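Here is the structure we will look at, set down as structure tokens.
Read-outs: derived from the displayed coordinates by stated rules, not from any lab. All values derive from a computational prediction rather than experimental measurement. Note that we place each Cβ from the backbone using ideal geometry, even for glycine, and neighbour counts take in every protein chain shown.
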């Protein structure tokens, strides 16, 4: 209770709107239970799950990148409805480059539109009581508890990392995601659904121009380290 209220967590949301909301709600429930039951916390501030939520760049497409703006808006809305206290959105051009100033401003505009124009900030947990959301939250909570208990009962996270189990799990999930995209099980507009005939090389992209000043700065920095 002395330091727990200073803890905060980073949790990403993705293209699955309702699942993202459910994962945030389930994580909040799990942390409250963990803080109280395992660590004996008696303070509400410690049991509160403070979330900084980030978007998932895997949800962005190289093809027709302006379509990513719609994805960014849904990502932002799901984070808000899930109860995130702060949000950092990906930019529409992050599928192929470091974001431009225009793309960064667009992501910021999306956040402000959701925060100040949509009205969602006027109510806390507006989807509470929805049969679908509550059932999905319960299912995610159950699965999350199972996974965490499995890690704890088999040596803990440090051992998982040392033995490569965590890395293999992440790699397997990434492989399955790409497999679902290639088979069309997961739909991504412009990437594997409603595609056009243009190859990637024909898309107009605004890459950062070469800067000799930046190059010299980085080169000198590396020399100093060596």
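Brief remarks on what is shown
- GNM remark for the chain: springs join alpha carbons under 10 Å apart, and the peak mean-square fluctuation among 47, 167, 85 falls on 167.
- Gyration tensor over the Cα atoms of segment 1-128: the corresponding equivalent ellipsoid has semi-axes (square roots of 5 times the eigenvalues, largest first) of 30, 15, 13 Å.
- For the chain: relative contact order, % (alpha-carbon pairs under 8 angstrom, 6 or more apart): 20 percent
- Spin-label model, residue 100 to residue 2: label points 7 Å out along the Cα-to-beta-carbon direction sit 5.3 nm apart.
- A straight chain from residue 121 to residue 150 at 0.36 nm per residue would run longer than the Cα-Cα distance by 6.8 nm.
- Under the Debye formula (equal points on every Cα, no solvent term), log10 I(q)/I(0) of segment 64-130 at q = 0.12, 0.16, 0.22 Å⁻¹: -0.33, -0.55, -0.89
- Fewest-first ranking of 157, 188, using other Cβ atoms within 10 Å as the exposure measure: 157, 188
- Fewest-first ranking of 133, 110, using other Cβ atoms within 10 Å as the exposure measure: 133, 110
- Exposure proxy ranking, count of Cβ atoms within 10 Å, fewest first, for 52, 141: 52, 141
- Helix-only arithmetic for the chain: the sum of -39500 (n - 2.57) across DSSP H runs with n ≥ 4, divided by the residue total, places the mean residue ellipticity at 222 nm at -16500 deg cm²/dmol.
- Pair-distance distribution P(r) for segment 5-64, from all Cα-Cα distances in 10 Å bins starting at 0: 21, 42, 24, 10, 4, 0 percent.
- One chain, two ends: residue 216 and residue 167. Fully extended at 0.36 nm per residue, the span grows by 14.0 nm beyond their Cα-Cα distance.
- Label assignment, log10 I(q)/I(0) by the Debye sum over Cα atoms at q = 0.14, 0.17 Å⁻¹ derived from the structure, set [x] -0.94, -1.12; [y] -0.97, -1.33; [z] -1.11, -1.34: [z]
- Relative contact order (%) - criterion: Cα under 8 Å, at least six apart; region: segment 1-128: 26 percent
- Between residue 135 and residue 189, residue separation times 0.36 nm minus the direct Cα-Cα distance comes to 16.6 nm.
- Nearest-ten-degree value, helix 101-116 long axis tilted from longest Cα axis of the chain: 40 degrees
- Antiparallel bridge percentage (DSSP; both residues within the chain; nearest 5): 0 percent
- Rg and Dmax over the alpha-carbon atoms of segment 149-191 stand at 14.8, 43 Å.
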